[in-house]
Each structure stands twice: as structure tokens, then as C-alpha cells.
Amino acid sequence: MPGNTFGQVFRLTTWGESHGPAVGCVVDGCPAGVEISEADIQRELDRRRVGQSRVTSARQELDRVQILSGVFEGRSTGAPISMLVFNTDAKPGHYENIKHLYRPGHADYTWDAKYGFRDWRGGGRSSARETIGRVAGGAVAKLLLAQHGVSIIAWTAQLGDLKAEVIDESEIERNIMRCPDARVAALMVERVEQARRSLDSLGGVVEVRARGVPPGLGEPVFDKLQADIGKAMFSIPAIKGVEFGEGFGVAHMTGAAHNDPFIRRADGAIGTESNHHGGILGGISTGEEIVLRIAAKPPASIARAQRTVDREGNPAEIEIHGRHDPTVLPRLVPIAEAMLALVLADHLLRQRLARMNVNG
């Protein structure tokens, strides 16, 4: 099974299954000397953790991280950084009675079509529990980026037809929806609880922003910065759409309206008056905020009866019980931040190889 490693210079490999003994990751390519502690990683994992509120899965996992290699006396050594999280509340028995049925909206059928054999315990490798490794690796990437003045923030922008109307970033971590609009966040919680009572689930949109990104990151052809970010975001379970800047809104704009005039800022740097382009032009960062939004589908595991077939194609009915998220949005926020951090850290290091600075 290829495709478990992401990045070229700053590389992340994740491993493990939802109901296996443990999950984890290996970060390779992190320069020596970056200050890293288990507390730094744990802080991000706690934001992703299940069972933290009534709008997430009831599965209880502490997700305690152990750094096994690559960090000594609080700093990266340049060696691979290996991190481990044990699964302590796995309950594969919840899936025993449906292991021969294909869950609608899940990867069960496609895994069988590809491999002819699958781990039916909660989806195995295709479970969102795999994202623990992404968040742990992204935490390391964030620490590296912070040394270069780059910060990343994300929030729940929309749940169904409910949209944040106020962007108060101090509010994001104060409510369980991670929405920057306190009033709309309360409405979102009510909507999620209604969906849970109806044995259903809800989709929505997360907005992600990166600030302090220097101009010049990215490549002009196949490895465009937005292409690598798009791949990163689409690799997250449940993501069905990604847009940058004005996104699909550009279809309704003219060139004169969409173009962002270049200006010289007070500090002498070149910038743009507006940011319809979302911080990337020609596949390369402009120095403006990188702005993107990702659309997440409603979680596929719902407790109401649904039509399906078994592995032989015989018609069947399935009810998926157990512990599942009624919406992925609050836990998607730290995952999206992590994936953007991984891309930017990789391109930041790749930029060092792009040209020689010769004095004199």
C-alpha cells in the first residue's frame, strides 16, 4: 500500500488503524535545533481528540503522545521523529455484526474492490483516527514555521445553511463548534443535537488561513502551492471541496474586479491592495494571507436504517451503531491546520534549494 508518506523535503508518514493497538507517525526532514516537547504535540492532539464535547464522538481516548526518537534535550536532532499514540478505547465488537455489509458513504466496497480484503474494525486505515499522525506531524511543522514568523488558524465557517457572520478569532476556542461567531455557534450546536436525535449527520465548511508566509513558496508547474495544499486537504477523510481566495465566486467576476493591484507597503515590501487571489499567484505565494475553505460531507456513519448489499451483492439493510461524530467540523479545524502546516513547512525548506544567493 503506497501513499502513506506526504511531502518531499519535510515528510510525514502515518501508520496504524482505528481499532488496532496504536497509531502514529514518522516526521523526516525536520532540521536540527527546532524546540519540540511532548506538550507541544499534546496540545494539538487534545484539540483533535474524540469525546471532548456533545458534538463529537463519545469514544474516550486520551491520545497521549510519546516521542520515541528524533528529539533530545528538547530539540530536534535532524533524525526521524517517531511518535506513538496507543488506542485505549477500541471496541471492534461494535462492527462484528456488519462486517460483511458495505456501509453507505464509507470506503468498505472500494477497499474490497482494490485489495480483496479489508480491516472491518471501524474502517481500519481509512478511519479518521489515522489523522492523529497528521496532527502530530503538523504540530512539528507549526513549530518550524513559527521560527519563520508563519502562523496558521482555522475555524468552522458554516454548518449546513448556518454561516458565521462575525469573525472574532478569540471566540474560536471558546465554543465547542470552533466557530468565530458566538451567536451562530450556539445555533450550530442546536442543529447538531437535532441531527443526532434524528439519527442523522451534518456537513459544513472550515476556513483556513496562513499568515506571515513569505513570497516565493511553491513551484510554477505541477507542484503549485495550491495544488499541494489541495492534495493535502483532499486527503483528509470527508473532504469534498477546496477553494482558494474567491473560490468558485470567480465565475461571477470580471478580470477588473478580480485582479489585485500591486502596491508598495509602508515597510517597503510589495503587496496587493486586496486578496481575491487568496495569497497564491502562478502557484507561488505572494506574501498575502493564504486563504482557503474546505467543504466536509456529513459523516457517513448514521444510526438510521439504510439500504445496502453484502459482499456477494445481496440486498440488505444496515444500521450503524456505536460512537460516531454527528459532524466532523470541530475536529476538522486542527486537522486542516496541520495539513496546511505540513505543506508550508515542506515548501519553506524546498525554497532553500531554489536559488543561490551570491554576494558581490
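The values are calculated or read from the model by the stated rules, or taken from the named source; none is laboratory data. Just so we're clear, the structure is a prediction, and the values are computed from it rather than from any experiment. With ideal geometry, Cβ positions are generated from the backbone for all residues, glycine too; neighbour counts draw on all protein chains shown. Ligands, DNA and RNA are stripped out before the accessible areas are found, and what is left, the full protein with its side chains, is counted by its heavy atoms. Shrake-Rupley method; radii C 1.70, N 1.55, O 1.52, S 1.80 Å.
Residues that are loosely packed, with under 14 Cβ neighbours inside 10 Å and either assigned to a strand (DSSP E or B) or of a type in the set (S, T, N, Q) (or both) do occur in region 132-148, at least one of them.
Applying the criterion of at least 2 residues that are open to solvent by less than 50 Å² (accessible area, probe 1.4 Å) and not hydrophobic (A, V, I, L, M, F, W, C) to the strands (runs of 3 or more DSSP E) found wholly in region 275-331 leaves 306-309.
So in region 112-124, with the set limited to residues that are open to solvent by less than 40 Å² (accessible area, probe 1.4 Å) and part of a helix (DSSP H, G or I), which one is farthest from ALA238 (Cα to Cα)? Ranking the candidates gives ASP112 first.
Considering only residues of region 1-21 that are exposed (fewer than 15 other Cβ atoms within 10 Å of the Cβ) and either modelled with pLDDT under 95 or among the small types (Gly, Ala, Ser) (or both), which is farthest from the chain's Cα centre (by Cα)? Only one residue fits best here, namely PRO21.
Has region 30-47 got at least one residue that is within 30 Å of ALA195 (Cα to Cα), of a type in the set (A, V, I, L, M) and open to solvent by 10 Å² or more (accessible area, probe 1.4 Å)? Looking for residues that are within 30 Å of ALA195 (Cα to Cα), of a type in the set (A, V, I, L, M) and open to solvent by 10 Å² or more (accessible area, probe 1.4 Å), one finds none in region 30-47, hence no.
Meeting the requirement of 1 or more residues that are farther than 28 Å from GLY105 by Cβ, open to solvent by 20 Å² or more (accessible area, probe 1.4 Å) and modelled with pLDDT of 95 or more, the strands (runs of 3 or more DSSP E) wholly within region 162-268 are 204-211, 262-264.
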